[in-house]
1. Before we move on, is residue 34 more than 15 Å from the chain's Cα centre (by Cα) and either more than 30 Å from residue 148 (Cα to Cα) or touching a residue at least 12 places away in the same chain (Cβ under 8 Å) (or both)?
2. Is there any pair with a first residue in region 102-128 that is closer than 13 Å to residue 77 by Cα and a second that is acidic (Asp, Glu) whose Cβ atoms are under 7 Å apart and which are 6 or more apart or on different chains, and what are they?
3. Just a yes or no: is a residue in region 76-95 in contact with a Ser or Thr (Cβ under 9 Å, 6 or more places away or on another chain) and β-branched (Val, Ile, Thr)?
4. Are any of the residues in region 62-75 closer than 27 Å to residue 134 by Cβ, surrounded by fewer than 16 Cβ atoms within 10 Å (Cβ to Cβ) and modelled with pLDDT of 95 or more?
5. Inside region 77-111, can you point out the residues that are among the small types (Gly, Ala, Ser) and either open to solvent by 30 Å² or more (accessible area, probe 1.4 Å) or closer than 16 Å to residue 131 by Cβ (or both)?
6. Taking only pairs six or more apart or across chains, which ones have beta-carbon atoms under 7 Å, a first residue in region 145-164 that is within 12 Å of residue 94 (Cβ to Cβ), and a second residue that is of a type in the set (D, E, K, R) and in a helix (DSSP H, G or I)?
7. If you check 135, 159, 151, which single one turns out to be at pLDDT 95 or above and within 19 Å of the chain's Cα centre (by Cα)?
8. I'd like the full set of residues that are more than 15 Å from the chain's Cα centre (by Cα), modelled with pLDDT of 95 or more and open to solvent by 20 Å² or more (accessible area, probe 1.4 Å), limited to region 112-132.
Amino acid sequence: KQYASAFFGTSLASTLVGTGVVILYAVTFACRALYEFPWFGPVPTFLLMALITAGAFTLAIRLSAQVIGVLGLLGGFLTPALVSTGVDNPPALFGYITILNLGLFAMIWKRQWDSLATLAAIATVGVELGWMLRFYRPEKLVVLQVILPLFPALFAGFFAAMERNRR
């Protein structure tokens with residue numbers, strides 16, 4: 001009986017928190033894209049969505065709820081597309097993706113949710129492909145030469161650290 005109440009209590013809490021995270025992303029996006037509230041320009045909306053992502057990662061760790069981590073991962077990787085102004089800014093985009101992946105690595109390290117690393121790698125490749133399809137021109141080859149090896153090296157370093165620490 002005690003196990004059942006602990007399980008359902010945790011499950012209910014994870015469901016409610018996950019629903020709250022999705023609602024926060026949706027409302028923030030709606031304030032910018034649908035209602036065009038003046039305060040919700042690209043930068044404040046981006047910062048708010050990044051804060052929601054950080055909060056989702058923190059709650060996922062605290063509640064030991066991988067589903068909340070997945071929602072934060074999805075929201076974090078969708079944020080640049082949802083807040084896009086159509087202007088190419090590779091340092092900001094890929095800097096954000098790097099920070100996002102580092103946050104994911106911290107969550108994966110703490111909770112040993114290795115499957116999230118695979119999702120993060122797939123989402124990172126998706127962002128790279130999206131940027132290439134939308135903004136790549138031959139004169140931007142230098143950006144590609146920096147970005148393409150950066151993320152595999154980041155993931156390889158993380159996996160090497162995990163292996164070294166037997167996680």
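The values are calculated or read from the model by the stated rules, or taken from the named source; none is laboratory data. Keep in mind that this is a model prediction, so the values were computed, not measured. Here the Cβ positions follow ideal geometry from the backbone for every residue, glycine too, while neighbour counts run over all protein chains shown. In case anyone asks, the SASA skips ligands and DNA or RNA and just uses the protein heavy atoms, side chains included. Shrake-Rupley method; radii C 1.70, N 1.55, O 1.52, S 1.80 Å.
1. On the way: more than 15 Å from the chain's Cα centre (by Cα): yes; either more than 30 Å from residue 148 (Cα to Cα) or touching a residue at least 12 places away in the same chain (Cβ under 8 Å) (or both): yes.
For residue 34, the condition - more than 15 Å from the chain's Cα centre (by Cα) and either more than 30 Å from residue 148 (Cα to Cα) or touching a residue at least 12 places away in the same chain (Cβ under 8 Å) (or both) - is met.
2. Close Cβ pairs (under 7 Å, with a partner that is acidic (Asp, Glu)) do not exist here.
3. Within region 76-95, one or more residues are in contact with a Ser or Thr (Cβ under 9 Å, 6 or more places away or on another chain) and β-branched (Val, Ile, Thr).
4. Taking region 62-75 as the starting set, the residues that turn out to be closer than 27 Å to residue 134 by Cβ are 70-75.
Those still in the list that are surrounded by fewer than 16 Cβ atoms within 10 Å (Cβ to Cβ) too: none.
No, that holds for no residue.
5. Of all residues in region 77-111, those among the small types (Gly, Ala, Ser) come to 81, 84, 86, 92, 95, 103, 106.
Listed by number, the residues that qualify are 81, 84, 86, 92, 95, 106.
6. Listed pairs, sorted by first residue: 147/128.
7. Details: 135 fails: within 19 Å of the chain's Cα centre (by Cα); 159 fails: at pLDDT 95 or above.
Going through 135, 159, 151 in turn, the sole match is 151.
8. 129, 130, 132
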